[in-house]
Amino acid sequence: MFRSLLALLTYATLTACVDRSVTETLPEALRFGTPATVFASTTRAREPDGSYGFRRAEALRYLEMTISIPPNHTAGTLDFSYADPNPKKEFVLADVTEFSGPEGLRSRLKGVDDVVLFVHGYNATQTETAFRAAQLTHDVGVPGTTFIYSWPSQARGTGYAYDLDSMLFARDGLENTIRSLKAMGVKRVIVMAHSMGGALTMEMMRQAELREPGWSKRNIEGVVLISPDLDVDLFRSQMQSIKSLPDPFVVMVSKKDKVLGLSARLRGTSDGQRLGNITDAETLAEFPIKIIDTTAFSNDAESSHFVAATSPALLTLLSSARRVSSTFGPDRPAIDVLAPPSLTNPSGATEIVLTESGATQVTSP
């Protein structure tokens, strides 16, 4: 336990000296990089200098950001600077447009059928989240429009408790974001949530279901929880409140996730497990979900806590699956390529173990 606390405090000290809420905007970056559009809704308060930090705001704000992806970008990497960015080598924020309300966003999303809504985790800034969403969707080749929900993380190593409260505070904003997207005519919303963002997504769906049973299935066409920092018993309780799940519903896990191991130990969990690093899928057997084990790709990943975005080999595999699925039309998800429906359990959990050779092992707990 002492070592876990020491590791957390050391990380907090190293990151505390950088003001990560301020990121330079450099329009000329687009002379070198590839532009990527990322839309955003946020419950962060707007500061006097125009930045969005950790303070909480009741009202949602909507933005459009243009990200410059460097010309020599390598899949799985995310290089950027908080000051004096180099657009030849780094992700750069090239432009930000703020809308006065959802109506301004409506005109920009007119005719959009698919939105991938990315929900960040603990210790994240708004611009970092936009960079990561742009990197991940670019590397995988995710179709549709990229959108982030930016909730008020303190973006500090010592801010875990603050972020837990902010995550719960942010439930209404996430639900209202999805409601707004559907009201604007977006046909399919896919929620892709990382770490504590997975807990936020589950809490949001649970509260919506208690008010309107069946809401999640009607409004969300797919959920992907990546390395969710979430207690397994709490996840089971949340799932029991959601009678009709979005399909597909995917949980991406890694047994070598060091951050989740630390998170579990700090909570006094004897087996060191969170939902995102479970070693046995049997406890989730009754839920119709897909559990994708990415442990085999941890060694080449830049982050053991975000293998899906930082492993070049896994990104290549996911990109290939996405391309194959697209040849069969928009209604066939890439998960069907990794695990054909004939091998999956339609009424319970299916565990899909990915290997570096590209083969998959599909079992039903």
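Just so you know, all these numbers are worked out from the coordinates, no wet-lab data involved. Being a predicted model, the structure only gives us computed values, none of them experimental. As a convention, Cβ positions derive from the backbone with ideal geometry for all residues, glycine included, and neighbour counts pool all protein chains shown.
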Lysine pairs with alpha-carbon atoms under 26 Å apart, the chain, spacing 8 or more or separate chains
15
Counting alpha carbon pairs within less than 8 Å and at least 6 residues apart, what relative contact order, in whole percent, applies to the chain?
14
Rounded, prolate or oblate for region 97-144? Axes are the square roots of the Cα gyration tensor eigenvalues, ordered a ≥ b ≥ c, and the cut-off for rounded is a/c under 1.5.
oblate
Of all DSSP beta bridges in the chain, what percent run antiparallel (nearest 5)?
40
Global geometry of region 208-257, whether rounded, prolate or oblate, following the gyration tensor of its Cα atoms and the 1.5 cut on a/c:
oblate
Which residue fluctuates most in the GNM of the chain (Cα springs below 10 Å): A161, A199, A57?
A161
Build a GNM of the chain with springs between Cα atoms under 10 Å: which of G173, G276, G185 gets the top mean-square fluctuation?
G185
Report the label-to-label distance for L266 and L343 in nanometres (one decimal), using points 7 Å from each Cα along the Cα→Cβ vector.
3.7
Once E98 and F32 are pulled to full extension, the length gained, defined as 0.36 nm per residue separation minus their Cα-Cα distance, is 21.3 nm
Count neighbours as other Cβ atoms within 10 Å of each site's Cβ, and list the trypsin sites (Lys or Arg not before Pro) in region 102-208 that are DSSP loop with at most 10 such neighbours.
K110
When a/c is below 1.5 the answer is rounded, else prolate if a/b is larger than b/c, else oblate, so apply that to region 35-154 with a ≥ b ≥ c taken from the square roots of the Cα gyration tensor eigenvalues.
oblate
Reviewing (i) 1.07; (ii) 0.94; (iii) 1.00, the figure for Cα Rg over 2.2 N^0.38 Å actually calculated from this model sits under (ii)
